[in-house]
Amino acid sequence: MALKGMSLICLLFIATSVISISRAQNPMAFRRKHLTLLDTIDHNRCTSEMRNKRIAMTRDGCKKLNTFIHAPEEVVDATCTRGRVHVIKGQEYKKSISKFRVTNCRLSGEYPNDCEYLAEKSAWKYIVISCDQNDRPVHFAGTLNW
């Protein structure tokens with residue numbers, strides 16, 4: 001009975017580790033998918049940025065939503081070292097100490113198979129990210145107003 005319980009615990013640990021690893025990216029992928037030095041992203045730019053950066057298509061079709069952070073990588077990287085711990089569903093992330101201008105590109109409902117995107121109005125928000133062991137962003141978890 002004890003062996004069966006231990007096996008179950010090991011299986012649960014492995015499953016949790018695989019889920020955490022599968023959500024992580026590498027720093028280069030994070031930069032490509034989420035950082036931009038463009039001042040603005042409108043509807044036309046959303047679609048072109050998503051395609052140019054090769055993030056529109058996923059294994060499951062068109063990516064439904066992508067958030068662009070309008071900031072240089074060094075400024076975003078600082079969130080890993082100076083950010084505040086923020087926990088979401090038991091997972092530890094870093095919340096930026098200052099707000100960033102972000103733009104969401106959302107898949108258009110009109111032709112979802114064509115990977116056409118609409119830009120939501122840019123807003124100043126705190127970003128929530130996960131970081132690797134070298135304090136580099138690897139996963140964008142979301143934004144917060146507070």
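The values are calculated or read from the model by the stated rules, or taken from the named source; none is laboratory data. Model, not experiment: these values are computed from the prediction. Counting neighbours? That spans all protein chains shown, and the Cβs are built from the backbone with ideal geometry, glycine included. Surface areas here come from the heavy atoms of the whole protein model, side chains and all, with no ligands, DNA or RNA. Shrake-Rupley method; radii C 1.70, N 1.55, O 1.52, S 1.80 Å.
Taking amide hydrogens as modeled 1.01 Å from N in the peptide plane, which residues meet the under 5 Å criterion relative to Y117, leaving out close sequence neighbours?
Here the answer is T47, S108, since their amide H atoms fall under 5 Å of that of Y117.
List the residues, sorted by chain then number, that are 5 or more residues from F100 or on another chain and whose placed amide H is less than 5 Å from its amide H.
K125, Y126, I127
Measure off, as a whole percent, the carbon and sulfur share of the 1.4 Å-probe accessible area of segment 26-146, all protein chains present.
48
Show me 48-54, 31-37, 85-91 ranked by packing, highest mean number of other Cβ atoms within 10 Å first.
Numbers: 48-54: 15.0, 31-37: 17.0, 85-91: 10.0.
So the peptides 48-54, 31-37, 85-91, ranked by packing, come out 31-37, 48-54, 85-91.
Residues of segment 66-105 with backbone nitrogen within less than 11 Å of a virtual label 7 Å along the Cα-to-Cβ line of L144, please, listed as ranges.
Output list for this probe position: 84-88, 93-98.
Place a +1 charge on the Cβ of each Lys and Arg in segment 65-146 and a -1 charge on the Cβ of each Asp and Glu, then give the dipole magnitude about the Cα centre in debye, rounded to the nearest 20.
Using only the charged Cβ atoms, the result is roughly 500 debye.
Residue-wise, which Karplus ³J(HN,Hα) couplings in Hz belong to segment 128-138, taking 6.51 cos²θ - 1.76 cosθ + 1.60, θ = phi - 60°, and x for glycine or proline?
With the stated coefficients, segment 128-138 comes to 10, 9, 10, 10, 7, 5, 9, 6, 10, x, 10 Hz.
Dipole magnitude of segment 86-130 about its Cα centre, charges +1 at Lys/Arg Cβ and -1 at Asp/Glu Cβ only, in debye to the nearest 20? The partial results should precede the final answer.
On the way: 8 positive and 5 negative charges, 95 e Å.
The calculated dipole for segment 86-130 is roughly 460 debye.
On a full-extension model of 0.36 nm per residue, what is the gain between I88 and T40, subtracting their alpha-carbon distance, rounded to one decimal in nm?
My answer for the length gained is 14.3 nm.
Exactly which GluC sites (Glu not before Pro) in segment 59-119 are in a DSSP loop and have at most 11 other Cβ atoms within 10 Å?
Details: sites: E73, E74, E92, E110, E116; in loops: E110, E116.
Counting only loop positions with at most 11 other Cβ atoms within 10 Å, the GluC sites (Glu not before Pro) in segment 59-119 are E110.
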